[in-house]
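See below for the structure under consideration.
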Amino acid sequence: MASQIHFLDIKGKPLLSRDYKGDIPSNTIDKFPLLLLELENSHEDGDYKPFINSQGINYIYINHNNLYLCALSRKNENIMAIIIFLSKLIEVLTQYFKSLEEESIRDNFVVIYELLDEMMDFGVPQTTDTKILKEYITQDYYKLVKKSADHLVQPPQAVTNAVSWRKDGIHYKKNEAFLDVVESINMLINASGQVLNSEILGEVKVKSHLSGMPDLRLGLNDKGIFTSPNADEEAGSSSAGQTNNKGIEMEDIKFHQCVRLSKFENERIITFIPPDGEFTVMSYRLSAAQFLMKPLILVQCKTKVHKHSRIEILCSVKAQIKKKSTANNVEVIIPIPEDADTPKFTPEYGTVKWIPEKSHIVWKLKTFPGGKQFHMRAELGLPAVTDPEEILSSNKKPIKVNFSIPYFTTSGIQVRYLRINEPKLQYQSYPWVRYITQSGDDYTVRTK
Amino acid sequence: MSDGKLFTKSKSVELKAELDQAFKKLKSQNRIKIILKKVIANIVLHNNELVNLMPDIISLMKIDDLAIRKMCFQYLIAYCPLAPKLALDAIPFLNRFKDDISPIMRSLALKTMTSIPIKEFMELSFSTVKFKLEDADPYVRKIAAFSVSKLYQYDAERTEKEGFIDSLNELLYDKNQIVVSNALAALSYITEQSKTLSLTIDKAHSLTLISYLSNTNEWCQVYLLNSLMSYVPSTTNEALDLIEATIPSLQHENSSVVLNAIKVIIYYSNYVKNPELILPSLPKRLGASLVSLLSKPAEIQFLVLRNVILLLLGRKELLNVDVEMFFCRYDDPIYVKDTKLEIIYLLANESNSHIVLRELEEYAIEIDVSMSRKAIRAFGNLAVKLPKSSNECVDCICDLISNGIPYIIQESVIVIKNILRRYPRKFNFAIDVLVKHYKYIDEPDSKTAMIWILGQYCEGIPDVYSIFEEFISTFKEDPIEVQSATLTAVTKYYLKMPQQGEALVLKVLKWATEEIDNPDIRDRGFFYWRLLSSEEANGQNGEFQENTKRIILSNNPSISSENDNIDPNILEELELNIGTLASIYLKPVQHVFRLANRKFLPQSPALQPRPKQSPISSESSPAPDEEDDPAPPPLRPYLNGNQSDNFLHVRRNNSQRSSKLSLPRQASFDSGFSNEEFPAKKGSFAQRLSRKASMITSRKNSTKY
């Protein structure tokens, strides 16, 4: 699929390259910085695309920590697979070196070279599972030497096994599994407090410290969440045309590769042999409209521009959650004009900080009990006397809100049980569950 | 520990000396490894001088140490092509390693020899790979499968002749599913390259492959799903079963698996009549699984969105998505916003038009100029597409114009011109709003549009004379299209209001015929002049310029939203390429990848004719004769191999498809500004007008590349 893979610095200078097919001249990548530059210049025209096609070569790249990872291909390849491979490559290398950046590439070029060799063969992605890769590629070469003394290095079974994500013979003294149910709320609210769109992105994360080859079965409260599509069909056909909007519908569920998808499809049971350590067993997406009629954290903000080069912001936040719940680490990020200065804040509660380099102010509220409402007033000076209208209209950036609410899921999803069964070892095990609702990347309030 | 300090350019002489040193000391292996790491650093740095180290490196392979040998292999792969003679000494080593006890060693030797495109190494590979395809260890078999693709790349004919393809085929029945899926990946590379070979699988095997889906790693699933495209279902039920078996893969965490599963499902849907009725939940599930990919990084979002467009164009009935999900976020990159805007346009219908228009209004007043312009263009296109919502659209545009922001006005003029053409006389009030702000109009496209409006509606515009005068004042410097439009508009003005217009028309015609160098403009000037001054100009009973009016003031053909019409054959092929590069360029595969094999839906009793979706299908003439088809070459089906050609030909005629739909567009673009006076060309004028405002990038692309 991919003919070459390159690591380049932010200017597009190649740091490390691997050629898999030899069907593209090795100096082709030298054009990449020029193409990038061209792209940036044409940005204005809206021509900018994340992929470049130049003289029959396709440059498929992603940006990470001031690095470019770029794959070259000549043919009509499965670009989705290539992009995903590049992002998994980043993931693997990050797990190896903690952080993938220019310096760590230089420090580890030998390992990266070897990893690239194992992760892709003839341009076709092979294994992108760090735990398995670590089995036969080790950062520390010396380790491998000791094993190879008796000349019998085997590729790990897992590479060609049906269960390719877990090796045999894992052992823990205390067998435990930790479940985290995390729901991130994305919401787009217009200036008058109306919700334009909203979604819940949920994840069930597992940290497994379990011995042997355990078979897990995860039970969730099926408040109609997992209505089987077949049931849907029946309902749909019997009450022809009547839309069935009342039941909670999980719009989409994605499972980790260890989950038996056909079992879920037919019987609605989630069973899997977990990889060792941390992983996300499932993620789901729900349109939040059915749970959230109003925003969890309501922000209202008014900006007044006074004639004497002064801007005044009045903001109120309300936690529209249950009285018993508390929201933690609430942050309201309010954009302000770039050249504003001399801030004066009078928050009713919490602290306000001015972050000039990002031209916004952050109002932090450590704990925020449900049902409460707080106000804040901010005043900033403006150096130049300009048209107040202009200031307002040039400041269309939305307000962003961050928060987290523990012990609570918006959708009401709950883990009923986690059955752990290891047929050979038959040990006692302890599952633990935690719930949290937090703001997603896009919890924003548009400003007028 | 870090190897950073080893990452420097070295000279072969230095490294050689270091090697000699290392051998003298105790624990030489560790020292050698450090030196080898320096060698690797120089591979990374493309230091070709290190080729001189060849004999030393080859002799290092004597040392029985996997790490050392691994690095030696990397040296060989990098430098052997530079010194083919010296490299030959490595062959005995590779020959020995290929039968090593350790499977890792065996596969490494195999990988190395097949990666060095030198005759002797290839000879060795040809004799080795065959046995390794039957190696006891699955890991080696997997590597051997890819070695066959490498051999094929090196010498396709020989690989085929010596039966490697058949042996690779055998691997498809291997007992290890990982080997099977990698063999499929290797085969698919070969069949894509080859003009003669193609992969076909039978029913039993397709079921086996599906059953492997649950037991392999994510990448193997991608290859397995991909290979399912090679099975042609012979009955509807078969296709349905396969669709149902593929549906679980929509829930995989790897986006590439998901997109491939969608590709497979769409492919099989061609063999089911009304799949959306038989599997009512299918559109919803496809929609949901695509939408949930929108929470991924921007590049992936972009890919997904492009494929959503593709599906909306061709397979609307199989995709159930809410337009709200595609509303732009503030920090979306511009290319994501663009694509979302296209989707919003495609999804807009009478029932959701209210929400959509509110959202577009939000974009139109955004500070990002290009976004705001695109939003206005979308308003115009929606007004043309949805007659019932056109009122609301025009109201919004008029509101926006009255804010008096120049770029909004520039864009709105173009849009309003389209709307006026689509709904003659319905929205004349919009002209009044525009006229108030005519002073801001200075871009060629907007000017052309404004001048057209002036000419067409001059009788209703107060003070039209002075406005005309102002636009005309720059006539000599204007671009050609503005000059053309001016000529026509002024002539119309004269015909409708002779007293006021006479002076203007004389002035412009004089300029056009005497001072303009461009032959087209000059010709047109003369043409009008003669028309107006001809003896035949007045009607039989002496009506003023009756005959000229008949020619110049004839009605314009009405325009429609032509965006929804893309050649179904192109769509069909793109659908078979979901998730590939072609799907993001959204244009005919052969356009971008000249050497790509054409993909088409294989014939089968169950194959359904493509549902018609174009709203103006009335236009579809009887199937055009392939030979008379004025298609520009890239749009023509790829005529390769007479069998498939005939087959395609027949099918196109049977299903009454017309590849004509997309053609006039192309033609009109090339022909430049067209003359309203020639009825035959009126169509293309309409096309051109709406093309200007078109949002579908496929269109833009098809002319750009």
* Sort through B:E515, B:E481 and tell me the only one that's out of contact with any Lys or Arg (no Cβ under 7 Å at 6 or more places or on another chain) and among the charged types (D, E, K, R). => B:E481
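Out of the residues in region A:423-442 that are part of a loop (DSSP other than H, G, I, E, B) and touching a residue at least 12 places away in the same chain (Cβ under 8 Å), which is surrounded by the fewest Cβ atoms within 10 Å (Cβ to Cβ)?
Among those that are part of a loop (DSSP other than H, G, I, E, B) and touching a residue at least 12 places away in the same chain (Cβ under 8 Å), it is A:Q428.
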* Structure fact -> By my count, helices (runs of 4 or more DSSP H) wholly in region B:535-635 with at least 1 residues that are within 14 Å of chain A (Cβ to nearest Cβ) and either surrounded by 15 or more Cβ atoms within 10 Å (Cβ to Cβ) or modelled with pLDDT of 75 or more (or both) are B:568-575, B:581-585, B:589-592
* Asked: Which members of region B:361-384 meet the condition of being more than 14 Å from chain A (Cβ to nearest Cβ) and free of Cβ contacts under 8 Å to residues at least 60 places away in the same chain?
  -> B:F379, B:L382, B:A383
* **Residues satisfying the stated conditions in region B:232-249, i.e. surrounded by fewer than 24 Cβ atoms within 10 Å (Cβ to Cβ) and not β-branched (V, I, T)** => B:S234, B:N237, B:E238, B:L240, B:D241, B:L242, B:E244, B:A245, B:P248
* Qualifying position, being in a helix (DSSP H, G or I) and either without any contact (Cβ under 8 Å) to a residue 40 or more places away in the chain or β-branched (V, I, T) (or both), among B:L76, B:L53, B:L88 -> B:L88
* Asked: Out of all the residues in region B:197-211, which are surrounded by fewer than 17 Cβ atoms within 10 Å (Cβ to Cβ) and either within 14 Å of chain A (Cβ to nearest Cβ) or free of Cβ contacts under 8 Å to residues at least 12 places away in the same chain (or both)?
  -> B:A204, B:L207, B:T208, B:S211
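Going by the conditions given, is A:S316 in contact with a His (Cβ under 9 Å, 6 or more places away or on another chain) and either surrounded by fewer than 20 Cβ atoms within 10 Å (Cβ to Cβ) or at pLDDT 90 or above (or both)?
Criteria met by A:S316.
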* Structure fact -> Of A:I29, A:I5, the only residue that is surrounded by 19 or more Cβ atoms within 10 Å (Cβ to Cβ), touching a residue at least 60 places away in the same chain (Cβ under 8 Å) and in contact with a Gly (Cβ under 9 Å, 6 or more places away or on another chain) is A:I5
* **Only one of A:I225, A:I189 that is more than 20 Å from A:P431 (Cα to Cα) and either over 26 Å from the mean Cα position of the chain (by Cα) or modelled with pLDDT of 85 or more (or both)** => A:I189
* If you go through region B:462-480 one residue at a time, how many are in contact with a helix residue (DSSP H, G or I) (Cβ under 9 Å, 6 or more places away or on another chain) and surrounded by fewer than 20 Cβ atoms within 10 Å (Cβ to Cβ)? -> 12
* To do: For region A:408-438, name all the residues that are of a type in the set (S, T, Y) and in contact with a Ser or Thr (Cβ under 7 Å, 6 or more places away or on another chain).
  => A:T409, A:T410, A:Y427, A:Y435, A:T437
* Members of region A:329-357 found to be over 19 Å from A:F403 (Cβ atoms) and under 31 Å from the mean Cα position of the chain (by Cα), listed by number -> A:I336, A:P337, A:E338, A:W354, A:P356, A:E357
* Can you find even one residue in region B:304-315 that is in contact (Cβ under 8 Å) with a residue 12 or more places away in the chain and more than 28 Å from B:D567 (Cα to Cα)? -> no
* **helices (runs of 4 or more DSSP H) enclosed by region B:220-321 - at least 3 residues per element that are under 27 Å from A:V259 (Cα atoms) and within 13 Å of chain A (Cβ to nearest Cβ)** => B:236-246, B:255-269, B:282-292, B:298-314
* Looking only at region B:106-138, count how many residues are of a type in the set (A, V, I, L, M), farther than 20 Å from A:M120 by Cβ and in contact with a helix residue (DSSP H, G or I) (Cβ under 7 Å, 6 or more places away or on another chain). => 4
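Yes/no matrix, rows are residues, columns are (1) aliphatic (A, V, I, L, M); (2) not assigned by TED's automatic domain parsing to the domain that holds A:M376:
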| residue | (1), (2) |
| --- | --- |
| A:F255 | no, yes |
| A:N266 | no, yes |
| A:F272 | no, yes |
| A:L286 | yes, yes |
| A:E312 | no, no |
| A:V317 | yes, no |
| A:E348 | no, no |
* Go through (1) over 17 Å from B:G579 (Cα atoms); (2) touching a Pro at 6+ places or on another chain (Cβ under 6 Å); (3) away from chain A (no Cβ under 13 Å) one by one and return the number of the condition B:P387 breaks. => (2)
* Does B:D445 satisfy the criteria of being part of a helix (DSSP H, G or I), acidic (D, E) and crowded, with 17+ Cβ neighbours inside 10 Å? -> yes
* Asked: Just to be sure, is B:R522 in a helix (DSSP H, G or I), farther than 22 Å from B:A449 by Cβ, modelled with pLDDT of 90 or more and among the basic types (K, R)?
  -> yes
* Asked: Does region A:296-303 contain any residue that is of a type in the set (V, I, T), in a strand (DSSP E or B), more than 25 Å from the chain's Cα centre (by Cα) and modelled with pLDDT under 85?
  -> yes
* **Top-ranked residue of region B:44-56 - restricted to ones that are surrounded by fewer than 21 Cβ atoms within 10 Å (Cβ to Cβ) and aliphatic (A, V, I, L, M), ranked as farthest from the other protein chains (Cβ to nearest Cβ)** => B:V51
* Structure fact -> A:E278 meets each of (1) modelled with pLDDT of 85 or more; (2) within 30 Å of A:R377 (Cβ to Cβ); (3) within 29 Å of the chain's Cα centre (by Cα) with one exception, condition (2)
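Okay, residues lined up against (1) touching a helix residue (DSSP H, G or I) at 6+ places or on another chain (Cβ under 8 Å); (2) of a type outside the set (S, T, N, Q); (3) more than 17 Å from A:D121 (Cα to Cα):
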residue	(1), (2), (3)
A:H6	yes, yes, no
A:L39	no, yes, yes
A:S54	yes, no, yes
A:N63	no, no, yes
A:I79	yes, yes, no
* Asked: In this structure, is B:L124 closer than 28 Å to B:L88 by Cα and either within 14 Å of chain A (Cβ to nearest Cβ) or part of a helix (DSSP H, G or I) (or both)?
  -> yes
* Asked: Has region B:193-212 got any residue that is among the basic types (K, R) and over 30 Å from A:R74 (Cβ atoms)?
  -> yes
* Close pairs (6 angstrom Cβ cut-off, 6 or more residues apart or separate chains): within 14 Å of chain A (Cβ to nearest Cβ) in region B:1-30, small (G, A, S) anywhere -> B:L6/B:A41; B:F7/B:A41; B:S28/B:A22
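The values are calculated or read from the model by the stated rules, or taken from the named source; none is laboratory data. Just so we're clear, the structure is a prediction, and the values are computed from it rather than from any experiment. Positions of Cβ are generated from backbone atoms using ideal geometry, with glycine treated the same way; all protein chains shown enter the neighbour counts.
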